[in-house]
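Novice: Below: one structure in structure tokens.
The values are calculated or read from the model by the stated rules, or taken from the named source; none is laboratory data. For clarity, every value in this text was computed on a predicted model and none was experimentally measured. All Cβ positions, glycine included, derive from the backbone under ideal geometry; neighbour counts span all protein chains shown.
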Amino acid sequence: MADTPLVTNLVVRDGSPQRNPFPFYSAFSGKGSQESVQFHLLIESDSTEAETLCQRAFGSLQKSLTGGGRTSLTTVLQEAFQACHEELEAANAPNDLASRVGVGVTCLALRGDESYLAVVGDAVMYLRDQHGVSKITPAIQGTSSPVLGTSPDPIEVTMARPALKDGESLLVASGSLEDAVGYDGIENIMSTSPEAAIEKLTLLMGDDPLFLAIILNTNVS
């Protein structure tokens, strides 16, 4: 992967791009053994109080991800998602199962020339390389809970480690993208600059109550 990847984010809420995307998107550096890692979080929810719920999830995830423990990055991501799930589930416990609302989370972790993706929810991931655009097949497919915080059962985290070379790009977006556009549309979006891609996504997904996306581009030598 290129030495200096460029991360571009998009948060569209009720048709308007958000200049301040927090708490639906945030980026921060790790600490301790993970001090060289840059974390990018996308958090979404169907709750009528989505902002409050997503902010609570962000607080839990940031605390875990910057804990500084001496363990692998994959383990750090798994444990952070599980801790957030348990915290949100405890807050949801007084509500009956039908009324519980959780959050979907995507974390892109960058460390040097490595990228890690951890996902719980319906986010989709696409890689554009010299052969065109392909959907990333996750290493683990979560089945026990579609979102964090709605079930007492442990969650499974979808993990992927896309390897990008110069000139390649990665798109991670809310699952509603696939309902709005087919393969040709996604290829068209990813074949442009990050700025143009963001404009296209904003127009395309403007009717969504909440749409999130990250575009990761590598430098062209």
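Novice: Answer yes or no as to whether SER176 is within 21 Å of VAL76 (Cβ to Cβ) and either among the hydroxyl-bearing types (Ser, Thr, Tyr) or modelled with pLDDT of 90 or more (or both).
Specialist: Here the answer is no, as SER176 does not meet what is asked.
This table checks each residue for (1) at negative phi; (2) among the hydroxyl-bearing types (Ser, Thr, Tyr).
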site	(1), (2)
VAL12	yes, no
ASN20	yes, no
TYR25	yes, yes
GLY32	no, no
SER60	yes, yes
GLU79	yes, no
VAL101	yes, no
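Novice: Please go through region 161-181 and give me each residue that is at positive phi and under 18 Å from the mean Cα position of the chain (by Cα), ordered by number.
Specialist: Within region 161-181, no residue meets the criteria.
Novice: Quick one: which of GLY102, GLY67 is over 14 Å from the mean Cα position of the chain (by Cα), closer than 21 Å to ALA213 by Cα, modelled with pLDDT under 95 and not acidic (Asp, Glu)?
Specialist: GLY102
Novice: Which numbered condition in (1) in contact (Cβ under 8 Å) with a residue 60 or more places away in the chain; (2) touching an Asp or Glu at 6+ places or on another chain (Cβ under 7 Å); (3) closer than 25 Å to CYS54 by Cβ is the only one that SER176 fails?
Specialist: (1)
Novice: Looking at SER134 and the list (1) within 17 Å of SER169 (Cβ to Cβ); (2) among the small types (Gly, Ala, Ser); (3) at pLDDT 95 or above, which single condition is not satisfied?
Specialist: Result: SER134 fails condition (3) only.
Novice: Please work out if GLY206 is of a type in the set (Gly, Ala, Ser) and closer than 19 Å to ASN20 by Cβ. Talk me through it step by step, then tell me what you get.
Specialist: Numbers: of a type in the set (Gly, Ala, Ser): yes; closer than 19 Å to ASN20 by Cβ: yes.
In short, yes.
Novice: When region 190-210 is examined, which residues are found to be more than 26 Å from ARG111 (Cα to Cα) and in contact (Cβ under 8 Å) with a residue 12 or more places away in the chain?
Specialist: Correct list: LYS200, LEU201, THR202, LEU204, MET205, GLY206, ASP207, ASP208, PRO209, LEU210.
Novice: Turning to a different aspect of this structure: Has region 115-138 got any residue that is under 14 Å from the mean Cα position of the chain (by Cα), in a loop (DSSP other than H, G, I, E, B) and hydrophobic (A, V, I, L, M, F, W, C)?
Specialist: There is at least one residue in region 115-138 that is under 14 Å from the mean Cα position of the chain (by Cα), in a loop (DSSP other than H, G, I, E, B) and hydrophobic (A, V, I, L, M, F, W, C).
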